[in-house]
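Engineer: Handing you a structure now.
The values are calculated or read from the model by the stated rules, or taken from the named source; none is laboratory data. In this text, all values refer to a predicted model and were calculated from it rather than measured experimentally. We place every Cβ from the backbone using ideal geometry, glycine too, and count neighbours over all the protein chains shown.
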Amino acid sequence: MKNFIGQIIEQHGEFTAEISIMFSAAKGENAEEIFEEIVADWYGLEPSEEEKESGVFWNDHMTYQAGAFYQITKATYKELKLKGVFHDLSIGREKKTNG
């Protein structure tokens with residue numbers, strides 16, 4: 001299992017907000033694809049084909065997209081999870097991938 005921190009970038013008119021999250025990828029999974037799925041589902045809206053291709057998603061008058069993501073060590077992941085520093089989106093994925 002590899003662990004990551006990723007940024008979701010929201011654009012609200014002139015204002016930009018960056019939301020940091022944590023997620024994991026099991027052996028053999030593509031972390032970039034997982035991150036893109038998380039971002040596409042960020043507001044629970046069904047993205048259009050155009051949005052999927054561009055990687056920029058719309059929610060009313062704002063957009064959101066994937067920013068950078070970085071691999072972190074297992075120890076760092078556990079510490080950040082314990083402290084509740086970032087939203088951990090691995091929990092929901094574990095249920096989806098493990099049945």
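Engineer: Can you tell me which residue among TYR77, TYR43, TYR70, TYR64 is part of a helix (DSSP H, G or I) and either hydroxyl-bearing (Ser, Thr, Tyr) or at pLDDT 95 or above (or both)? Can you show your working first?
Structural biologist: Working: TYR43 fails: part of a helix (DSSP H, G or I); TYR70 fails: part of a helix (DSSP H, G or I); TYR64 fails: part of a helix (DSSP H, G or I).
Going through TYR77, TYR43, TYR70, TYR64 in turn, just one is part of a helix (DSSP H, G or I) and either hydroxyl-bearing (Ser, Thr, Tyr) or at pLDDT 95 or above (or both): TYR77.
Engineer: Still on this model: Would you call GLU18 acidic (Asp, Glu), out of contact with any Ser or Thr (no Cβ under 6 Å at 6 or more places or on another chain) and in a helix (DSSP H, G or I)?
Structural biologist: Details: acidic (Asp, Glu): yes; out of contact with any Ser or Thr (no Cβ under 6 Å at 6 or more places or on another chain): yes; in a helix (DSSP H, G or I): no.
Judged against the criteria, GLU18 is not a match.
Engineer: Quick one: in region 7-30, which of the residues that are closer than 20 Å to GLU53 by Cβ and either within 10 Å of the chain's Cα centre (by Cα) or of a type in the set (A, V, I, L, M, F, W, C) (or both) is surrounded by the most Cβ atoms within 10 Å (Cβ to Cβ)? Quick ask: steps written out before the conclusion?
Structural biologist: Keep residues of region 7-30 that are closer than 20 Å to GLU53 by Cβ, which gives 8-11, 30.
Keeping just the survivors that are either within 10 Å of the chain's Cα centre (by Cα) or of a type in the set (A, V, I, L, M, F, W, C) (or both) gives 8-9.
Numbers: ILE8: 20, ILE9: 16.
Result: ILE8.
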